[in-house]
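The structure appears right after this line, and notes come after that.
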Amino acid sequence: MNICRKTEIMKVFLVGLLVVTVVMQIISVAIHMLQWVEVKNYHGELEKRAAELSESNNKVEETVANLWNKTNWFKSRVQYDHNLCKGGKRIAYINTNLTDECPPKMRLEKNTTTGQKACGVNESAHGCPVVLRFTVNQNYSNICGRIRGYQFGAVEAFKYSKGKTSPRQSYADGFQILQGNSFNHIWTYTIGISEKASYGQSQICPRDRSDPTDRSFVPTFVGEHFYCETGNINSWVSSKVYWGDPLWDGAGCVSDTSHSCEAYGWFYREIYPSKDNIHIKICPNGFNRNEQNVFFDLLELWVL
C-alpha cells in the first residue's frame, strides 16, 4: 500500500475519532442538562411543598391563636401534664395519699369508706387564713402546677370579688396562686356552690351560668387564668366533703348544662424572669369551718 493511501486512511480514522469525541461530549452535556432540569424540578417541588407546609402551619397557628383568644385556657387544656415545665424544678409537692400530715393550720379529713384523705382549713375565719410559701432560689420564667381539691359545704366561687382590685385581697373561694411580695396573680382554683344556675351568678362557676361566656364577678387581674368546678349537682348544699367528685380533674360534671369540666388540670404561665417565691392562699371565706371549707389531696408546683 502506497504512502498516500495510508495517509488517507489515517485521516479518516482521526476524523471518526473526533466525531465520536464530539458525540460523547454532546451526550455528556445532554445528561447534565437533564439532571439539572430534574434537580430544578425537584427543587421546585420542594419549594412548592415548603410553601404548602408554611401555609398549613400558618393556618394551624392562626387556629391556635383564635382558640387562645376565644378561650384563653386552650394552652392549659391541651397541656394536661407538666411537659411545658419539663427539665424544671419542682418547688412544691403535697400528696395526702403518701402521708397523713397537713400544712400548719390545716386538718386531715378521711373518708373511711373509700380511703380518701384531704387537708382542709382548721380555722373559722373569713378570707384566707392559710398561706403556703414556697422558696424558689433560682431564676425562672415559666411556672406550672396542679391542685386536686374537694368542696366542703357552701363555698361560693367569686361571690366576694366585688370591689376587689388586687390579689392581696380575698376574691375567690379556693386556692389563689400568687408570686412575690407584690402578690402578682398566677392562677386561681375556685369552687362553685352548685352546677345549678338557680343560684346567684356570683356563687356558681362562670361556665355554669346561663351565659357561659359571662365573666362578671371575675376580677380583671384574674382574667381567664382560673379553673372553676363544683362537686355539688343538687339545688341544695350540705355541710360535708363532696368526696364523690374531686375538683379540677376533668371529670364529674353531671348536668347537661354544666361546662365546668371543660377546663381543668395543670395550669401554665409564662412570666417575666424572676426569683420571687410562690404563695398559695387557701381561702374558704367562711366564718364557720364546719359549714364552708376547701380541701385538697394533691398540690404540685414547677418552675423553669
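A count restricted to region 138-166 and to residues that are part of a loop (DSSP other than H, G, I, E, B) and more than 21 Å from ILE193 (Cβ to Cβ) stands at 4. Scanning region 108-137 for residues that are open to solvent by 60 Å² or more (accessible area, probe 1.4 Å) and assigned to a strand (DSSP E or B) gives LYS110, ARG133. Whether a residue is under 27 Å from ASN234 (Cβ atoms) and modelled with pLDDT under 90 was assessed, and LYS117 does not pass this test. Of the listed requirements (1) closer than 22 Å to ASN277 by Cα; (2) buried (at least 18 other Cβ atoms within 10 Å of the Cβ); (3) modelled with pLDDT under 90, GLN169 misses just one: (2).
Can we say GLY286 is buried (at least 19 other Cβ atoms within 10 Å of the Cβ), at pLDDT below 65 and either over 24 Å from PRO212 (Cβ atoms) or among the acidic types (Asp, Glu) (or both)? Criteria met by GLY286. The residue list VAL237, VAL254, VAL241 contains one member that is among the aliphatic types (A, V, I, L, M), more than 18 Å from the chain's Cα centre (by Cα) and at pLDDT below 80, which is VAL254.
The values are calculated or read from the model by the stated rules, or taken from the named source; none is laboratory data. This one's a predicted model, so the numbers in the text were calculated from it and none came from an experiment. Using ideal geometry, Cβ is built from the backbone for each residue, glycine included, and neighbour counts are taken over all protein chains shown. Ligands, DNA and RNA are excluded from the accessible area calculation, which covers all protein heavy atoms including side chains. Shrake-Rupley method; radii C 1.70, N 1.55, O 1.52, S 1.80 Å.
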